1. What single numbered condition from (1) within 23 Å of residue 29 (Cα to Cα); (2) loosely packed, with under 12 Cβ neighbours inside 10 Å fails to hold for residue 74?
2. Go through (1) out of contact with any helix residue (DSSP H, G or I) (no Cβ under 6 Å at 6 or more places or on another chain); (2) without any contact (Cβ under 8 Å) to a residue 60 or more places away in the chain; (3) closer than 23 Å to residue 29 by Cβ and name the single condition residue 63 misses.
3. I'd like to know if segment 84-100 contains one or more residues that are under 30 Å from residue 116 (Cβ atoms) and either without any contact (Cβ under 8 Å) to a residue 40 or more places away in the chain or in a strand (DSSP E or B) (or both).
4. State the number of residues belonging to segment 120-141 that are part of a loop (DSSP other than H, G, I, E, B) and either surrounded by 15 or more Cβ atoms within 10 Å (Cβ to Cβ) or at pLDDT below 85 (or both).
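The values are calculated or read from the model by the stated rules, or taken from the named source; none is laboratory data. Keep in mind it's a predicted model, so treat the numbers as computed, not measured. Every residue, glycine among them, receives a Cβ derived from its backbone with ideal geometry; neighbour counts consider all protein chains shown.
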């Protein structure tokens with residue numbers, strides 16, 4: 001009887017130990033978003049954005065939820081220098097694009113986890129830019 005109770009206790013502990021979600025905070029000082037864009041002419045540009053904060057929930061090795069706040073004022077252009085860099089950064093921050101003075105943050109919330117396929121997982125979320133929410137689907141690995 002004593003062994004049966006101990007076995008049931010061990011099964012109970014191990015069953016629920018695997019269900020616990022782990023909260024992970026992204027180091028916003030060491031992490032960034034690399035963006036890529038293309039002009040109508042076909043010329044491409046790239047740069048970085050920084051996180052204000054970011055956290056994800058991982059359960060059984062699968063991302064189950066998350067929230068990322070992006071500091072739009074941190075937008076940089078990395079493929080240009082001098083006046084070209086300053087002009088493009090100003091243009092992207094203007095009302096023509098991201099209206100950074102009015103909308104200093106963009107938010108991505110993971111709303112649904114997708115299937116794990118190999119080392120990749122599909123996630124679904126809501127991306128809010130300039131106060132407008134857009135559904136998104138993306139993969140992580």
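1. Going through (1) within 23 Å of residue 29 (Cα to Cα); (2) loosely packed, with under 12 Cβ neighbours inside 10 Å one by one, residue 74 breaks only (2).
2. (2)
3. Start the filter on segment 84-100 by keeping residues that are under 30 Å from residue 116 (Cβ atoms), which leaves none.
Among the residues of segment 84-100, not one is under 30 Å from residue 116 (Cβ atoms) and either without any contact (Cβ under 8 Å) to a residue 40 or more places away in the chain or in a strand (DSSP E or B) (or both), which makes the answer no.
4. Our first condition is that a residue be part of a loop (DSSP other than H, G, I, E, B); within segment 120-141, this holds for 130-131, 141.
Next, only the ones that are either surrounded by 15 or more Cβ atoms within 10 Å (Cβ to Cβ) or at pLDDT below 85 (or both) stay: 141.
Qualifying residue count for the region: 1.
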